[in-house]
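Novice: The following block contains the structure, expressed as structure tokens.
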Amino acid sequence: MRTTIAAAMIGLALLGTITLAQNITYDFDRSAPFARFKTYTWIKGTPVNDALNDKRIVSAIDSQLAAKGFTKVNEGGTADVLVAYHASFDKNLQINGFSSGWGGYRFGGTRTGRATLDQVTVGTIAVDMVDAANKTIVWRGLASGELDARAKPEKREKNIQKAAAKLFKNYPPKP
């Protein structure tokens, strides 16, 4: 019985650390000619409402695309790929529990416990790459993770850069 309670408490404690990780997934069109894509331009997506974070996200994606050999084409120019990002936010509940004391339930021991419920904001950014020639999505990456509203600007910048790097780690996809 004691082992079950201890395992449950450890599980609850670790739940908070799992949500801090960024979850990254991607999908792509297997028939897309990724080797042909060399230039890109931005199209309208669903950006964040905060101009500072919007600029950070666009800059991070620009950096990753440049590292992959892409050249940015100014608006109105002809590009191989059209890029857009979409941001969304959701609220989740996080339960944190703590228990202490001695003795088992049948032996008259003293046990105390406490649980707190916190609301956590989870943000998701989707990056779409669209083949400009036929207007079909050829690659989509999704990054989601817990957001810290109290984070300093340097920390926000670092988190966005880290998410963008993880997002484009698997681009171009292997055939």
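The values are calculated or read from the model by the stated rules, or taken from the named source; none is laboratory data. What you see is a predicted model; the values in this text were computed from it and never measured. Note: ideal-geometry Cβ built from the backbone for every residue, glycine included; neighbour counts use all protein chains shown.
Novice: Examine the stretch 66-88 for a residue that is modelled with pLDDT of 95 or more, among the aliphatic types (A, V, I, L, M), within 17 Å of ILE160 (Cα to Cα) and not in a strand (DSSP E or B), and state whether such a residue exists.
Specialist: Checked the stretch 66-88: at least one residue is modelled with pLDDT of 95 or more, among the aliphatic types (A, V, I, L, M), within 17 Å of ILE160 (Cα to Cα) and not in a strand (DSSP E or B).
Novice: A further question on this structure: Just checking, does the stretch 43-60 include any residue being modelled with pLDDT of 95 or more and closer than 18 Å to ASN170 by Cα?
Specialist: Yes, the stretch 43-60 contains a residue that is modelled with pLDDT of 95 or more and closer than 18 Å to ASN170 by Cα.
Novice: Can I ask one more? Tally the residues that are of a type in the set (A, V, I, L, M, F, W, C), touching a helix residue (DSSP H, G or I) at 6+ places or on another chain (Cβ under 9 Å) and loosely packed, with under 14 Cβ neighbours inside 10 Å, restricting the search to the stretch 84-99.
Specialist: Within the stretch 84-99, residues that are of a type in the set (A, V, I, L, M, F, W, C), touching a helix residue (DSSP H, G or I) at 6+ places or on another chain (Cβ under 9 Å) and loosely packed, with under 14 Cβ neighbours inside 10 Å number 2.
Novice: Let me ask something additional. Could you tell me which residue of the stretch 34-69 is surrounded by the most Cβ atoms within 10 Å (Cβ to Cβ), considering only residues that are more than 25 Å from SER88 (Cβ to Cβ) and free of Cβ contacts under 8 Å to residues at least 60 places away in the same chain?
Specialist: Applying the filter and picking the extreme gives THR39.
Novice: Here's a check for you: in the stretch 149-171, which residue that is without any contact (Cβ under 8 Å) to a residue 12 or more places away in the chain and either in a helix (DSSP H, G or I) or in contact with an Asp or Glu (Cβ under 7 Å, 6 or more places away or on another chain) (or both) is surrounded by the fewest Cβ atoms within 10 Å (Cβ to Cβ)?
Specialist: Per the criteria, the residue is GLU154.
Novice: When you look at THR4, is it of a type in the set (S, T, N, Q), at pLDDT below 90 and either over 20 Å from GLY145 (Cβ atoms) or not in a loop (DSSP other than H, G, I, E, B) (or both), yes or no?
Specialist: Against the criterion (of a type in the set (S, T, N, Q), at pLDDT below 90 and either over 20 Å from GLY145 (Cβ atoms) or not in a loop (DSSP other than H, G, I, E, B) (or both)), THR4 qualifies.
Novice: Another question, then. So LYS174 ticks every box in (1) within 15 Å of ASP27 (Cβ to Cβ); (2) touching a residue at least 12 places away in the same chain (Cβ under 8 Å); (3) not polar (S, T, N, Q) but one. Which box is left unticked?
Specialist: Checking LYS174 against (1) within 15 Å of ASP27 (Cβ to Cβ); (2) touching a residue at least 12 places away in the same chain (Cβ under 8 Å); (3) not polar (S, T, N, Q), the one that fails is (2).
Novice: Turning to a different aspect of this structure: So is THR112 in contact (Cβ under 8 Å) with a residue 24 or more places away in the chain, β-branched (Val, Ile, Thr) and surrounded by fewer than 14 Cβ atoms within 10 Å (Cβ to Cβ) or not?
Specialist: For THR112, the condition - in contact (Cβ under 8 Å) with a residue 24 or more places away in the chain, β-branched (Val, Ile, Thr) and surrounded by fewer than 14 Cβ atoms within 10 Å (Cβ to Cβ) - is not met.
Novice: Can you pull out the residues in the stretch 20-62 that are of a type in the set (Asp, Glu) and touching a Ser or Thr at 6+ places or on another chain (Cβ under 9 Å)?
Specialist: Residue satisfying the conditions is ASP29 alone.
Novice: Of the conditions (1) within 18 Å of MET129 (Cα to Cα); (2) under 18 Å from the mean Cα position of the chain (by Cα); (3) part of a strand (DSSP E or B), ASP62 fails just one. Which one is it?
Specialist: It fails just one condition, (3).
Novice: Taking the stretch 7-42 as the search range and keeping residues that are hydrophobic (A, V, I, L, M, F, W, C), in a helix (DSSP H, G or I) and modelled with pLDDT of 50 or more, which one is nearest to the chain's Cα centre (by Cα)?
Specialist: PHE34
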